[in-house]
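The values are calculated or read from the model by the stated rules, or taken from the named source; none is laboratory data. From a predicted model like this one, the values you see are computed outputs, not experimental measurements. Using ideal geometry, Cβ is built from the backbone for each residue, glycine included, and neighbour counts are taken over all protein chains shown. These accessible areas exclude ligands, DNA and RNA; they are computed on the full protein's heavy atoms, side chains included. Shrake-Rupley method; radii C 1.70, N 1.55, O 1.52, S 1.80 Å.
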Amino acid sequence: MTLLEEIPTGRYREASIPVLETKRLALRAARLEDAKAVAALANDRRIAENTARIPYPYKLADAEQFIAGASKKGEAAYLVTLRDGTIVGACGLMFREDDAPEIGYWLGVPYWNKGYATEALHALIDYAFTDLTHDAVQAGARVTNPASRRVLEKCGFQWTGAGLLRIRAIASSAPIDRFRLDRGLWASLKSWREARRVVAQQVPLPEGVHI
């Protein structure tokens with residue numbers, strides 16, 4: 001998980017961001033009625049310790065504050081849901097004036113190791129490069145979180161160095177790996193994936209395998 005979740009104040013309003021759909025998922029703005037489901041899913045130390053700003057324990061009030069600020073200027077925050085509407089996590093983009101936007105995500109533990117993170121990030125990255133016309137995106141992952149690193153690498157991110165990041169849940173800083181994905185590499189990988197999809201339509205993939 002890499003989502004840099006902000007905990008702002010202010011009244012709730014739904015974010016004016018488009019719904020992003022994939023084969024198995026839909027990424028949409030959070031609504032106030034989602035707070036209970038978000039709180040139940042995010043209240044896990046394994047999630048909090050791998051993000052910068054998610055507290056632990058994660059209470060209903062934390063979910064409400066997250067949703068209230070999800071549409072603030074400078075950030076695009078999405079809930080990740082299955083196509084039947086089940087909330088499985090969140091992802092988003094944090095925009096920076098002097099650098100590429102930061103991309104991040106977290107998923108509830110029951111939804112780990114199913115390919116959902118990679119699928120959601122592909123949609124978010126495409127949105128950043130197409131609709132928002134950014135030239136690059138960046139991300140970070142704790143060095144003790146190889147699963148998140150693998151997700152970023154499968155999405156095309158390249159390692160750029162190491163650093164320290166303050167982790168709210170442990171009240172301390174921890175080493176992280178930094179990653180970056182440029183538009184040129186994204187375009188090349190997207191063309192390659194589309195070519196593989198054409199082949200997959202002609203030769204069905206084994207059950208459980210996703211491109």
Backbone HN-Hα couplings from phi across the range 51-62 [Karplus 6.51/-1.76/1.60, Hz, Gly and Pro as x]: 10, 7, 10, 6, x, 9, x, 9, 9, 4, 4, 5
Once the Cβ-Cβ distance between Arg24 and Val198 is put in as r, and R0 is 22 Å, what FRET efficiency do you end up with, to the nearest 0.05? 0.70
Ellipticity estimate at 222 nm from DSSP helix runs (n ≥ 4, -39,500 (n - 2.57)) divided over the chain, nearest 500: -9000 deg cm²/dmol
What is the percent carbon and sulfur in the accessible area of the range 36-120, measuring with a 1.4 Å probe over the protein chains and ignoring ligands? 47 percent
Lys pairs under 22 Å by Cα in the chain, provided they are eight or more residues apart or on distinct chains: 9
GNM of the chain, Cα pairs under 10 angstrom: of Asn113, Asn43, Asn145, the biggest fluctuation goes to Asn113
Provide the per residue accessible area, probe 1.4 Å, for the chain, rounded to a whole number of square angstrom. 51 Å²
Contour minus Cα-Cα distance for Ala40 and Ala187 (0.36 nm per residue): 49.2 nm
Charge context of Leu20, other residues only, Cβ under 10 angstrom, K/R +1, D/E -1: -2
Counting DSSP beta bridges with both ends in the range 53-211, the antiparallel % (nearest 5): 95 percent
Who wins for biggest fluctuation among Arg28, Arg83, Arg193 in a Gaussian network model of the chain, springs between alpha carbons below 10 Å? Arg193
Alpha carbon centroid spacing (whole Å) that separates the range 22-43 from the range 150-171: 23 Å
For mean projected area of the Cα convex hull in nm², the listed values are (i) 13.4; (ii) 14.2; (iii) 11.6; which was obtained by calculation from the structure presented? (iii)
Picking from Ala77, Ala171, Ala39, which is most flexible by a Gaussian network model of the chain using Cα springs under 10 Å? Ala171
